[in-house]
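Asker: One structure coming up, written as structure tokens, with questions to follow.
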Amino acid sequence: MSRTAKEEIRIGGRSVPLSNPDKELFPDDGITKAEFVDYYRAAKSPRRAAQ
């Protein structure tokens, strides 16, 4: 998934800038900043907690 050089994400009702979302945080695994944020947003999702 291609992302822009900077994007705004919503976390806890706030807009938070995410710079360089395509930057790899974990190069050995190919995990980007955006994927890292997406993972934690999904893990913290109220829908997940209720299951």
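Asker: Of Pro27, Gly12, Tyr40, which is farthest on the positive side of the dipole of segment 6-47, counting Cα position, with +1 on Lys and Arg Cβ, -1 on Asp and Glu Cβ, and the Cα centre as origin?
Answerer: Positive-most Cα among the choices belongs to Gly12.
Asker: Taking H as built 1.01 Å from N, whose amide H comes closer than 5 Å to the amide H of Thr32, not counting residues under 5 places away?
Answerer: Those lying under 5 Å, H to H, from Thr32 are Leu25.
Computed from the coordinates by the stated procedures, all read-outs in this text should not be read as laboratory data. Computed from a predicted structure; not experimentally measured. Reconstructed Cβ throughout: ideal geometry from the backbone, glycine too, with neighbour counts over all protein chains shown.
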